[in-house]
Structures are given as C-alpha cells and as structure tokens.
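What follows is a set of notes on a single structure, which appears directly below.
None of the figures in this text is laboratory data; all of them are computed from the coordinates on show. The structure presented is a predicted model; accordingly, all values stated were derived computationally and were not measured. Cβ placement follows ideal geometry from the backbone for every residue including glycine, while neighbour counts extend to all protein chains displayed.
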Amino acid sequence: MKLIDRIDDIEEDNSMDVSEVTHVIFDLDGTLLDTESLYKAAYRKICAKHGCLSKLTPTLESRLAGQPAMQVAKTLQFECDMDTSPTLLRAELDQEIKPSLSTASAKPGAERLVLHLAEQGVPIALATSSRRTNAEIKMSSHPEMFSVFSHMVFRDDVSCGKPSPEVFLEALQRFEETVQPGSNGSRHRKQYRQLRPNRRFVRGFLSRRFRTATISSLMNRSDRSNYSL
C-alpha cells in the first residue's frame, strides 16, 4: 500500500511500480471529484436547522465521509440527537445537497490520470457508495473523463454499502475474467490497483492483495499516523 498526497503525485513518484498493473478501480467522492466540501456544507446547514450544529465535530464529519446516504442520516440523527427519523433526515439531506452536486470539480490530476490510463489501454472501473442518480449528477460536468470507464458500480447495485468492500468486489467481478500463460505454462490473474481516500476500506483491500494507493490529503491527522511510507 502506498500513501500519496494527491492523485497527480502518482505520475511523479518513481518508487511506485505500476508496470504489472493491468486494471484500475477508482472511488468517486474525494478521489476523482472534490465533493467533500459540498457534503460538509449540507451537513452543517441541516444541523443548524435542527439546532445541533455544535455537535457536528470534525471527528464526526470525518466519520461520515464515504458512508451511504442512509447510514449518514442514521449517524447524524443519533450523534446529534435530532428529533426526526433517519428516513426524513435523508430526504432533507438530499434536498439540500442535490442542487450543488453538478458543481463538483475534478481533483487535481484526476482527469489527466484517467485519460492517460485509457490511452494506454488499461481498463478502468468506478466503484462508489453514491446512488446512481446522485453520481450521474456529479459526473455530468466531466463527460470526457467518465466516458472512458469500462463500467461503474453504484450503491444501488450492491446489498451492503461501505465500509463493506462489496461495491469494489462487484467492480472487480465485472471486469472480463482473463488469464495469461506464464513463462512456465502456468496461468496467473491480472493485477489490480484500487484508488480511494479512506483507511477503513484500504485495510480490507490489503487483505485481498490489491495494490492500493491512498490519498493522504483527504485524511485527518490521526488517520495519517496509522500509515508509514
């Protein structure tokens, strides 16, 4: 596993051997698109509306990153002691966040890396905890970057959201299964690289022998201390 500051550092870091990587799975929020600020703004507005803004701490905001919408609603409702149900809270959050989703900008170097991989013939997939409708709004301002993906897996496509790795495993499964003869006649699977920002999901992929790059600029200080280069 490699810790990098930004996604465009991959091109500049000669210590990262990607020569054997033949497929790449990207996360969406915080990896390819800078949506974290949009979600945080929505959370703060809703918490202010319910009179519990002081309970929305940086630690809680960090916990919400990458969670499916219903889990975000459940966490906020419980941690901030809101007098509403998670279902109603999710509807409030959707109404607050959707108008701004199309303004999500690409992370530095994201489009360049994606298009470079496509030009080199490396199949790439998207695996996100966002629902399809929201994800499509986010991606609408970046048609060139997202037109080169082999396939995309959304929260709607799996039974369990993150931190379960199911969405990434589904993306892997959808790649065409190919094996190549080795020099001694043996057969081996292709190598995969998975890019996302959160350490909870990285651990699951390390156990499955994925080559993983974690973007440290999206971690808080305590998260960074759990990694060594």
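Numbers for the structure displayed
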read-out: Sequence of CYS80, CYS52 once ranked by neighbouring C-beta atoms within 10 Å, starting from the fewest; value: CYS52, CYS80
read-out: Sequence of ILE46, ILE25 once ranked by neighbouring C-beta atoms within 10 Å, starting from the fewest; value: ILE46, ILE25
read-out: Other-chain or far-sequence residues with amide H under 5 Å of HIS151's (modelled H); value: LEU126
read-out: At 0.692 mPa s and 37 °C, Stokes D of the stretch 36-101 from Kirkwood alpha-carbon radius, µm² per second; value: 285
read-out: Exposure proxy ranking, count of Cβ atoms within 10 Å, fewest first, for LEU101, LEU76, LEU64; value: LEU64, LEU101, LEU76
read-out: Residue-by-residue Karplus 3J(HN,Hα) for the stretch 67-79, coefficients 6.51, -1.76, 1.60, Hz, glycine and proline x; value: 6, x, 4, 5, 5, 4, 4, 5, 5, 4, 4, 6, 5
